[in-house]
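Take a look at the structure below.
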Amino acid sequence: MFYSFRAASEPEENQYPGSYNLRDALSYYGFRNFEQQQALESIFQKASILPLGEPLESIFPTKRTANQLAWDLLTMVRETQRTLTLRTGVQERWEIEPQEWMKEDPQAIVTDLRSLGFIDGIDPQGSNYDAVGLLGSTGPKMQERLNYLHTLMKQGLHVPTLLLISGERYLLQDIDGSEEELIQLAQRLGVDDWHQLTEADLLQDLYNSSPLSHDGLNSYLINTPRRTLPRPTTQTTILESLPWLSAHPEVQNILFISNQPTVLYQRAVIESVFSEEGLHQQIEVVGPPAVNFAKIQLLLEGLGSYLWAATPALLSKMNLIITDPHLKEAFEELYAQNPFIYDTLPKSIRE
């Protein structure tokens, strides 16, 4: 199903010289070269966002005004949420079943996602950081991130402080470990029922049993309560880390550890929180490559989630002035439940 929207008429003073098109805007997401844009078109065609074999311009032709381009960006994000991300309500990533089109040629999808930067690992640009923040996830992913950090340190990464950034997500059998492993974890922690254990408990235990615990790091556990949410999110765990950062003003250069295909998504979320809080620390998000290609939907969700999280800041970077009230309402509907991402939208949308 293909969608298009017409922006309301704009006053002459808001009609910028030149033209606006979605293809040019892709460079703001980091999709700058021909191979990357062709890969994105290929995925959009498979997902029926674009007609098969047709370029972006078939649905998103060149526009004359900022509002019209912003409608195209909103449409793209809506459609990738519908076709790639798929989650609704309180669903978790591992609960989503792939759509039929995802099963037809998964290797081609992996090739496209690799071109876009969601498969191969992303390594640090430097070798010295004031702190490293290891982001929580499922048990196997957290172990993968700990192993990756240990490898980086053996290769010469220098960092004195480690933040274990996690929270109150209750552990699940076969997601965080086997039942036997979770029972053994409960026994080590002196807990009667492993169902009472959280992601934060598991991350601390994984760290304690890893070689990193002997590397002389100053480690701190950030244990984020779920509050009114089903579980903590990247956004709320970063917010929970801010008091620690405030108490350590010497920390100005932070390396965050994720893993593919979520590195770019988590970078966009962390940047949105730091931007809204007025923080000026330098941040970098890195992680090892994706290794499990069996669940193709999880890989595609990395792309869909990134486009959703990165678009508000992109609109601000492009200095788009939004006057269409229907467009403002549509952006509010899509982002208002995520205040720190929503607040990075241009003021012309939020006011």
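Please treat every number below as a calculation from the coordinates, not as lab data. All figures in this text were calculated on a predicted structure; none of them were measured in a lab. Reconstructed Cβ throughout: ideal geometry from the backbone, glycine too, with neighbour counts over all protein chains shown.
With one equal scatterer per alpha carbon and no solvent term, the Debye-computed log10 I(q)/I(0) for the stretch 106-214 at 0.11, 0.14, 0.20 1/Å reads -0.45, -0.68, -1.04.
Which order do the peptides 128-138, 40-50, 177-187 take when ranked by the mean count of other beta-carbon atoms within 10 Å per residue, highest first? Before the final figure, lay out the partial values.
Details: 128-138: 22.1, 40-50: 20.5, 177-187: 15.0.
Per-residue Cβ counts within 10 Å, averaged per peptide and sorted highest first, yield 128-138, 40-50, 177-187.
Principal axis analysis of the Cα atoms in the stretch 131-286 yields extents of 44, 39, 30 Å, listed in decreasing size. Relative to the first principal axis of the alpha-carbon coordinates of the chain, what is the inclination of helix 106-116, with its axis defined by its Cα atoms, in degrees from 0 to 90 and to the nearest 10? That works out to roughly 80 degrees. For the chain, give the share of DSSP beta bridges that are antiparallel, in percent and rounded to the nearest 5; count only bridges with both residues there. Expressed as a percentage, antiparallel bridges in the chain total about 10. Normalised by 2.2 N^0.38 Å, with N the number of residues, the alpha-carbon radius of gyration of the stretch 130-185 equals 1.32.
Taking the C-alpha atoms only, the angle from helix 296-317 to the longest principal axis of the chain is near 60 degrees.
Which shape class, rounded, prolate or oblate, goes with the stretch 94-165 when its Cα gyration tensor gives a ≥ b ≥ c as root eigenvalues, a/c under 1.5 marks rounded, and past that a/b bigger than b/c marks prolate? Verdict is prolate for the stretch 94-165.
Amide H contacts of Leu221: Leu164, each under 5 Å away and 5 or more positions distant or on a separate chain (H built 1.01 Å from N in the peptide plane; Pro and chain starts excluded). Between helix 263-276 and the chain there is an angle of about 80 degrees, using the helix long axis and the longest principal axis of the Cα atoms. Per-residue ellipticity at 222 nm computed for the chain from its helices equals -13500 deg cm²/dmol, with DSSP H segments shorter than 4 residues left out and the rest contributing -39,500 (n - 2.57).
DSSP beta bridges confined to the stretch 131-286 are antiparallel in about 5 percent of cases.
Rounded to the nearest 20, the Cβ-based charge dipole of the stretch 131-286 about its Cα centre (Lys and Arg +1, Asp and Glu -1) stands at 360 debye. Dividing the radius of gyration of the alpha carbons in the chain by their Kirkwood radius gives 0.98 for Rg/Rh. Compactness ratio for the stretch 309-351: Cα radius of gyration over 2.2 N^0.38 Å (N = residue count) comes to 1.00.
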